[in-house]
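Below is one structure; the comments refer to it alone.
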Amino acid sequence: TVVQAEPVRLTFPSTFWWGAATAAYQIEGSVDADGRTPSIWDTFAAEPGRITGGDTGAVSTGHYERFREDVKLMAELGLSAYRFSIAWPRIRPAGGHGVNAAGLDFYDRLVDELLAAGIQPVATLYHWDLPQELEDTGGWTSRETALRFADYAAVMGARLGDRVAMWNTLNEPWCSAFLGYGTGGHAPGRRGHVHALTATHHLLLAHGLGIEALRASGATGTLSVALNAGAVRPLTASAEDADAARRIDGLLNRIFFDPILRGSYPADTVEDTRDLTDWGFVRAGDLATISTPVDAVCVNYYQPDLVSAAPAGVLDHGTCYPTAQAVQFHPTPGPVTHMGWSVDPTGLRDLLLRIRRDYGDRPLYVTENGAAYDDRPGPDGGVDDPERIGYLRGHLAAVHEAILAGVDLRGYFVWSLLDNFEWAFGFSRRFGLIRVDYATLERTIKASGRWYSEAITHNGFDLP
Ligand code: PNW
């Protein structure tokens, strides 16, 4: 007799959110429309040599003008939720006094359009596009910026708080601090480990003040923050490699999770960085503000990190991590995406289990996961991207495993809905479920978008 293996069907909880995510500067374009002021990314992208191909977000996918078409595409995919970010420079008028009503109106229309299509709006207040005027007074190295963020959060909570289903105060503050102010690879392009640590604290303070402001505004949605957490793994079982992993875990994960969820900075990380700074930027009361309760924890996951102790004499690997001269990063064996990032869904499962183990049983969301791959023309004018289907299937299976293990995981958002401006890589990397032709701004749902849509329809999928 021939035994035919049955395909394994993974089914998700009936209330599970199947989402997709974007960010304002990456998709909107229309950077001069309706009173928007420049952000640090407009400034940075205009500087020669910063962005691959000299690309900028000035036009990008043209979403600001095409948002109705994009919401129709989301409905066609069947998304239960859509995560977008609000451009602070559209809300804060030049000079900073009052509110720019035309900018507010855009997000009001977007939220209503989503709700009319039956899609839950998930809004991120800060996805890296700081108003340039605030950078000019110190940006995230200045404590004032956190106070201005609280004002902005209050405005948004008052305007959209009755309709937004979930809020993220910040997206990936690690990137803002360590790439924006540490390596200078992201806007505003400042370099220095102390800047990065100072910015980290002020971003965390902004998060806490932002949660308080949203709460006070009467916003009804789930209040949260999106952290780009990772599974940090030691290369070998040696004590030296374990210590390298501990350091990087401190500077990537615990430096954010601990203050927000436990009200303290990790003592070992503070100690690791003592020779750089005395952490004098932390004032009395700050940690109480930062740890004001959140309703859920959101994580963005792309790949695990594999680290070892650096061999003696190897000094600087050009990493973003203060004290990382003692650490070496290694490629994880196996396939990589067009970003060069390794494809390893076990990292996502381990991360979700670890958050529950170390920070308690809380509602969790994966607010970004996805991959850059080139696509190619498929049959009947379609777009083929089989690698992305494999990536999504593998990572959704990891999410499913975490749910079976008891993690209260309530939703998953693909990065990204559309191909878009991939920061320092410009338009040279494509993450979308939907292809954007940058010459015509025409959109085409890719094979991965069709696959995701099927999974949404069945609330699950078969493993091959
Ligand atoms: C995230 N890293 O960025 C962002 O939230 C998105 O805006 C972005 O498009 C997406 O992931 C893909 O890059 C990251 O160097 C950028 O570790 C860089 C890193 C991580 C996340």
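The values are calculated or read from the model by the stated rules, or taken from the named source; none is laboratory data. What you see is a predicted model, and the numbers here were worked out from it, not measured in a lab. Note that we place each Cβ from the backbone using ideal geometry, even for glycine, and neighbour counts take in every protein chain shown. These area figures cover heavy atoms from the full protein model, side chains too; ligands, DNA and RNA do not enter into them. Shrake-Rupley method; radii C 1.70, N 1.55, O 1.52, S 1.80 Å.
What the table shows:
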{"read-out": "Candidate set: region 2-37, residues that are of a type in the set (S, T, N, Q) and farther than 30 Å from TYR365 by Cβ; chosen: the one farthest from the chain's Cα centre (by Cα)", "value": "GLN4"}
{"read-out": "Residue that is surrounded by the most Cβ atoms within 10 Å (Cβ to Cβ), among those in region 379-415 that are charged (D, E, K, R) and away from the ligand (no atom under 14 Å from the Cβ)", "value": "ASP385"}
{"read-out": "Sole exception among (1) under 20 Å from PHE44 (Cα atoms); (2) more than 16 Å from the ligand (Cβ to nearest atom); (3) among the hydroxyl-bearing types (Ser, Thr, Tyr) for TYR126, by number", "value": "(2)"}
{"read-out": "Tally of residues being at positive phi and surrounded by fewer than 20 Cβ atoms within 10 Å (Cβ to Cβ) across region 416-433", "value": "1"}
{"read-out": "Pair list, Cβ < 8 Å and 6+ apart or interchain, from region 290-312 residues that are within 14 Å of ARG233 (Cβ to Cβ) and within 14 Å of the ligand (Cβ to nearest atom) to residues that are aromatic (Phe, Trp, Tyr) and in a strand (DSSP E or B)", "value": "ASP305/PHE329; LEU306/PHE329; VAL307/PHE329"}
{"read-out": "Residue match in region 180-188 (condition: among the small types (Gly, Ala, Ser), within 15 Å of the ligand (Cβ to nearest atom) and surrounded by fewer than 24 Cβ atoms within 10 Å (Cβ to Cβ))", "value": "yes"}
{"read-out": "Evaluation of THR169 against (1) touching a helix residue (DSSP H, G or I) at 6+ places or on another chain (Cβ under 8 Å); (2) under 25 Å from ASP151 (Cα atoms); (3) open to solvent by 10 Å² or more (accessible area, probe 1.4 Å) (one fails), failing number", "value": "(3)"}
{"read-out": "Residue match in region 128-138 (condition: of a type in the set (Ser, Thr, Tyr) and open to solvent by 20 Å² or more (accessible area, probe 1.4 Å))", "value": "yes"}
{"read-out": "Region 136-178: number of residues that are part of a loop (DSSP other than H, G, I, E, B) and away from the ligand (no atom under 16 Å from the Cβ)", "value": "9"}
{"read-out": "Qualifying positions in region 191-230 - of a type in the set (S, T, N, Q), within 16 Å of the ligand (Cβ to nearest atom) and open to solvent by 10 Å² or more (accessible area, probe 1.4 Å)", "value": "ASN228"}
{"read-out": "Region 168-226: number of residues that are aromatic (Phe, Trp, Tyr) and touching a Lys or Arg at 6+ places or on another chain (Cβ under 9 Å)", "value": "1"}
{"read-out": "Test: residue in region 105-118 that is hydroxyl-bearing (Ser, Thr, Tyr) and open to solvent by less than 20 Å² (accessible area, probe 1.4 Å)", "value": "yes"}
{"read-out": "Selection count where residues are β-branched (Val, Ile, Thr) and open to solvent by 80 Å² or more (accessible area, probe 1.4 Å), scope region 441-459", "value": "1"}
{"read-out": "Residue match in region 269-276 (condition: open to solvent by 50 Å² or more (accessible area, probe 1.4 Å), at pLDDT 95 or above, aliphatic (A, V, I, L, M) and more than 16 Å from the ligand (Cβ to nearest atom))", "value": "no"}
{"read-out": "Per-region count, region 10-68, residues among the β-branched types (Val, Ile, Thr), surrounded by 23 or more Cβ atoms within 10 Å (Cβ to Cβ) and part of a helix (DSSP H, G or I)", "value": "2"}
